[in-house]
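Some notes on the structure that comes next.
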């Protein structure tokens, strides 16, 4: 959330890359419409930044984004995206 606070303070656009623990702040990201890029990790045991990774990360982000919308989306939550915006109409496959 430090990056979010800095982007608000200094007025720059923020895109969260990888966001392996985005599920922890999914509601906040959705509320602020922070763009998120998700990456599939095939061997999370070797990187410290994946210590809090859960396989449901993309689904949690999509659910939070959908809940923050005022109108429903017709996009399928199973489509892949290299850099979707939250609210995300898609998730990593």
Unmet requirement for residue 29, which otherwise passes all of (1) in contact (Cβ under 8 Å) with a residue 40 or more places away in the chain; (2) surrounded by 14 or more Cβ atoms within 10 Å (Cβ to Cβ); (3) on the phi > 0 side of the Ramachandran plot
(3)
Which ones in the stretch 33-46 are part of a loop (DSSP other than H, G, I, E, B) and either under 19 Å from residue 3 (Cβ atoms) or modelled with pLDDT of 80 or more (or both)?
33, 34, 35, 39
So which residues in the stretch 51-81 are touching a strand residue (DSSP E or B) at 6+ places or on another chain (Cβ under 9 Å) and modelled with pLDDT under 85?
81
Can you name the residue in the stretch 1-32 that is closer than 22 Å to residue 55 by Cα, out of contact with any helix residue (DSSP H, G or I) (no Cβ under 8 Å at 6 or more places or on another chain) and not in a helix (DSSP H, G or I) and, of all such residues, is modelled with the lowest pLDDT?
17
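The values are calculated or read from the model by the stated rules, or taken from the named source; none is laboratory data. In this text the structure is predicted, and so the values were computed from the model without any measurement. FYI the Cβ positions are ideal-geometry reconstructions off the backbone, even for glycines, and counts take in every protein chain you see.
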